Every structure is written in structure tokens, then in C-alpha cells.
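Have a look at the structure below before the remarks.
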Amino acid sequence: MSMRLLALIAAITAAGCGKAAETPTSPTTTAPTTILFAGTLQPGTTRFYSYTLNTAGTVTAMLASLERSGTPMPNALEIGLGIPAGTGCAVSAALNSSSQLIPHLKQDFGIGTYCVRISDLDGMPAAMNFTIRLIHP
Amino acid sequence: MTTRLALISCLTVALAGCAKTLITSPTATAVAADPNTFTNQVAPGGSASRDLTLTAAGQLSATLTSTTPPGAVLGVGLGIPRANNQCALSSAIATVAGASARIAMPADGGPYCVRVFDTGTLTAPVSFTVAITHP
């Protein structure tokens, strides 16, 4: 009986107080891709940027800045998400808004080639520099 | 008797092993600069910016708490850092330092920046301190 107890204690000690050895495993997650689409928009014009999704998922677009000579401007521009069509970008979702730091648009897409478009519909008084932050899977 | 002594000895060794896992080392407290305080200088026609990262969505704010010399008007703006190391602004205010010299915007998680700049009124360099708050 005593020998059994000794064996039990030895087993507990060897087990390291219940801390069994574990093999760490890394979760398989794919970090989202961030694209900064920046440029100059002339009054009354449109510009777009095409990108490819290798994984289906949610795409967000944010007009993060609109500046003229380094000064932020309150003008509203149209931001749209869609697919390249001919020499343009046919948007399936669009919103007219001034710059902000939260996404203007959020839409789910499958694998494929898509585009983000910025347009001046209201007629800006002068050319302005813009930055769109696009995040996709 | 010998068996009991052996048992007690084994239990003591076993429990001592467990107790070791509870011992913690004292942690040294490092004194570091406050990452939410942005202090720098703006020259006439110039600007200075600080990048920061929001780990979660929330309110991003910057308050111009002081300038040297006092009473100087500076622009304080919030935006996102560009690849050319510039801070592209989304919104900005022109203000003198004070508790109400604050700009705040809701922001998604990600990289952002605070830029302090001359709005066209400076004739000499101005030192400033901006307090930044974010999630």
C-alpha cells in the first residue's frame, strides 16, 4: 500500500503539478491588406483605382483626407466601390461625403478584380489632394 | 515509521515543486515618456506631426495644451499618415492653447496622425505641447 502511495506521489511530481507539456499552435489568420489611394482630383472629374481580391470578404473604403495646399477642405465627394468596366469603374455602392476617419462604405465581395472610385459631383472650386484608405481581405 | 517519513519527504518535495510556480519576481517600473503627449516646435510655414495607432475604434482627440510663447495661433489636425511621411489631414482647427483647443473625431482602428502647423501667422518658431487621447 505504501509503495503504491509512493508511486502515486512520484507520478504527480513527474507530471509537474498538472502542467502538461503543450505544443503551441499558431492560428491561421490572414491579415487584411491596406491600400492608400492618393492623388489630385480636378474639379468635376473622376479617378479610380483597381485592385484584386484573392480572398472573399469585406471591403471598406474611407475618404480619409481632402486637402488644398495642406489645408483640410470640407467639400463632399462621391466614393464608390465596384468593378472595372471599359476604361472606368462601374460602382455598385456609392456615397457622397466629406473626409472622415471611419469607413464610408463597407461591402462584401468574392474573389475577383474590383475598383474604388472618387468623383467630384458638386464642382469643387479648385483641384484638391485626396487620400482614400481601402482595406480588403 | 520509515515509510511514513519517506511519504512526508516525498509530499514535501512535491509541494515545494508546486509552490515554486507561485513565486513571482519583482517587476521594475520603467519611467518612460508619455506617448500621448506630443511636444515639438513649429517654424513659420512649417509643421510637425506624430503618428499613432488605434487598436480599436473610438474617439481620437488632440488638445493644444500650451505654446511658447503663449498666445500663438497654431493649426491642429487629425489625419492619416501617407507613404511620403506626410500627415494627410481629414479635419483641423486653428487655435491658441487652452482646455477648449481640442479637435476630436470618431475613428476606426488603424494608423492615424496628428499634425500641428503654422496657419500663416507665425513670425518665429513656436514650441507646443499637444495631449492626445484615443482608445
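The values are calculated or read from the model by the stated rules, or taken from the named source; none is laboratory data. The structure presented is a predicted model; accordingly, all values stated were derived computationally and were not measured. Neighbour counts run over all protein chains shown; Cβ positions are idealised from the backbone, glycine included.
Results for (1) modelled with pLDDT of 95 or more; (2) touching a helix residue (DSSP H, G or I) at 6+ places or on another chain (Cβ under 7 Å); (3) surrounded by 12 or more Cβ atoms within 10 Å (Cβ to Cβ), shown as yes or no for each residue.
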{"residue": "A:27", "(1), (2), (3)": "no, no, no"}
{"residue": "A:30", "(1), (2), (3)": "no, no, no"}
{"residue": "A:45", "(1), (2), (3)": "yes, no, yes"}
{"residue": "A:78", "(1), (2), (3)": "yes, no, yes"}
{"residue": "A:87", "(1), (2), (3)": "no, no, no"}
{"residue": "A:137", "(1), (2), (3)": "no, no, yes"}
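Restricted to strands (runs of 3 or more DSSP E) entirely inside the stretch B:59-135, those with at least 1 residues that are within 13 Å of chain A (Cβ to nearest Cβ) are B:74-81, B:87-95, B:102-107, B:110-117. The C-beta contact set for the stretch A:51-66 (first residue β-branched (Val, Ile, Thr), second residue not in a strand (DSSP E or B), distance under 6 angstrom, 6+ apart or interchain) comprises A:55/A:137; A:60/A:103.
Yes/no matrix, rows are residues, columns are (1) at pLDDT 95 or above; (2) more than 30 Å from residue B:122 (Cα to Cα); (3) surrounded by 12 or more Cβ atoms within 10 Å (Cβ to Cβ); (4) in contact with a Leu (Cβ under 9 Å, 6 or more places away or on another chain):
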residue	(1), (2), (3), (4)
B:4	no, yes, no, no
B:16	no, yes, no, no
B:22	no, yes, no, no
B:25	no, yes, no, no
B:39	yes, no, yes, no
B:62	yes, no, yes, yes
B:66	yes, no, yes, no
B:83	no, no, no, yes
B:89	yes, no, yes, yes
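The residues of the stretch B:114-131 that are closer than 22 Å to residue A:99 by Cβ and crowded, with 19+ Cβ neighbours inside 10 Å, listed by number, are B:114, B:115, B:116, B:117, B:118, B:130.
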